[in-house]
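Below: the structure, in structure tokens.
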Amino acid sequence: CEILKNTDIINNHCKYQNNIYSTLVSKVCNILDKSNLKYVKPNAAWYIFINFDYYKEKITVDNSIKLNNFLLDKFGIVGVAGECFNSKGLNIRFSLVEIDTNNLDDFDLAFKKILEGFNILVKYFNSL
């Protein structure tokens, strides 16, 4: 494990990943703040739980499994239903990790797609 001896490489990699994470979380939360969707800002995980209960009366789903399927069918946005985590209500966990940081072109595209997905969600739910 020669690479573990090179603390500069490890520290630089950690700082780089932390910068990516902080930037992405900040941008996603700024988008979500423009809606009535509730969420807890992630502090370390590359996932965000979003609660859609505010819109329960306006959409035709009564659990997060149906909501997850609705978002997938309507927008192609994939999440994990809150029921999978014993979470009651219309909660969906979304991943923020579809990023290959070894290829900056792919990274830029993935970053934009993640933000575009959250913009689509907010735009749709704000229109209800």
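Among the residues of the range 67-99, those that are in contact with a helix residue (DSSP H, G or I) (Cβ under 6 Å, 6 or more places away or on another chain) and not in a loop (DSSP other than H, G, I, E, B) comprise Phe75, Ala81, Gly82, Glu83, Asn91, Ile92.
Just so you know, in the range 4-36 the residues that are of a type in the set (D, E, K, R) and assigned to a helix (DSSP H, G or I) include one that is farthest from Leu67 (Cα to Cα), and it is Lys5.
Among residues of the range 5-20 that are more than 20 Å from Ala110 (Cα to Cα), those with a beta-carbon under 8 Å from a residue that is modelled with pLDDT under 85 and of a type outside the set (Val, Ile, Thr) at least six positions away or on a different chain give the pairs Ile10/Leu4. Close contacts from the range 115-126, counting a first residue that is over 18 Å from Trp46 (Cβ atoms) and a second that is open to solvent by less than 10 Å² (accessible area, probe 1.4 Å) and among the hydroxyl-bearing types (Ser, Thr, Tyr), with Cβ to Cβ under 6 Å and a gap of 6+ residues or different chains, come to Phe125/Tyr55. Of the residues in the range 49-66, at least one is in a helix (DSSP H, G or I) and among the hydrophobic types (A, V, I, L, M, F, W, C).
Among the candidates Leu32, Leu24, the residue that is of a type in the set (A, V, I, L, M), within 21 Å of Leu109 (Cβ to Cβ), at pLDDT 85 or above and surrounded by 11 or more Cβ atoms within 10 Å (Cβ to Cβ) is uniquely Leu24. Taking the residues in the range 37-48 that are open to solvent by 70 Å² or more (accessible area, probe 1.4 Å) and assigned to a loop (DSSP other than H, G, I, E, B) as candidates, determine which candidate is nearest to Asn18 (Cα to Cα). Per the criteria, the residue is Ala44. Just to be sure, is Asp105 in a helix (DSSP H, G or I) and either exposed (fewer than 14 other Cβ atoms within 10 Å of the Cβ) or at pLDDT below 95 (or both)? Yes; evaluated as a whole, the condition is true for this residue.
Here the range 49-80 is the region considered, the condition is being in contact with a strand residue (DSSP E or B) (Cβ under 9 Å, 6 or more places away or on another chain) and more than 26 Å from Lys112 (Cβ to Cβ), and the residue that is surrounded by the most Cβ atoms within 10 Å (Cβ to Cβ) is Ser64.
The values are calculated or read from the model by the stated rules, or taken from the named source; none is laboratory data. Everything numeric in this text was worked out from a predicted model, so none of it was measured. With ideal geometry, Cβ positions are generated from the backbone for all residues, glycine too; neighbour counts draw on all protein chains shown. Protein only, heavy atoms only, side chains kept; ligands, DNA and RNA dropped before computing areas. Shrake-Rupley method; radii C 1.70, N 1.55, O 1.52, S 1.80 Å.
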